[in-house]
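Following: one structure in structure tokens, then a few remarks.
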Amino acid sequence: MFEIGKRLKHVKENDLVHGEFGKWLESIEMNWDTANRFMKIANELNSDTYRNIGWQAMYMIATMPEQEREKQHEIPSTGEQKTVDEMTVRELREVKKKLKQEQQAREKAEEANEELGTYKPITG
């Protein structure tokens, strides 16, 4: 997967003019989404660390924030602590969902704090 992703990226960036990559993918009967996933995996992950993991799990890991890839996470459904390379695809989905919810909560809290900071009561 890593090699395929690297080669796809090379072809896209060096061998084709802008706008031709999609046509080229069709000529080799490769889906655009699959090609993008392989390139993302090759670009984001270390092939030595993630060698024995399936491509779906690798893509899920590759789309996580980099700082989240290095630490242990609690699996919401089981309470177990695991690193991303130890998780199943289902567990990765759970953790990514939890991370997204936490990010949304932080953003909402920041917005509320900004509103409170700019709120000026009417005096009269």
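The values are calculated or read from the model by the stated rules, or taken from the named source; none is laboratory data. All of these numbers come straight from a predicted model, not from anything done at the bench. As a convention, Cβ positions derive from the backbone with ideal geometry for all residues, glycine included, and neighbour counts pool all protein chains shown.
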Can you confirm whether segment 49-67 contains a residue that is farther than 30 Å from Gly5 by Cα and either free of Cβ contacts under 8 Å to residues at least 40 places away in the same chain or assigned by TED's automatic domain parsing to the domain that holds Glu13 (or both)? no
Scope segment 66-101; condition at pLDDT below 90 and outside any helix (DSSP H, G or I); matching residues: Glu70
Has segment 19-26 got any residue that is of a type in the set (Gly, Ala, Ser), closer than 30 Å to Glu70 by Cβ and assigned to a loop (DSSP other than H, G, I, E, B)? no
Single condition Asp48 does not satisfy, out of (1) exposed (fewer than 10 other Cβ atoms within 10 Å of the Cβ); (2) within 15 Å of Leu92 (Cα to Cα); (3) charged (D, E, K, R): (2)
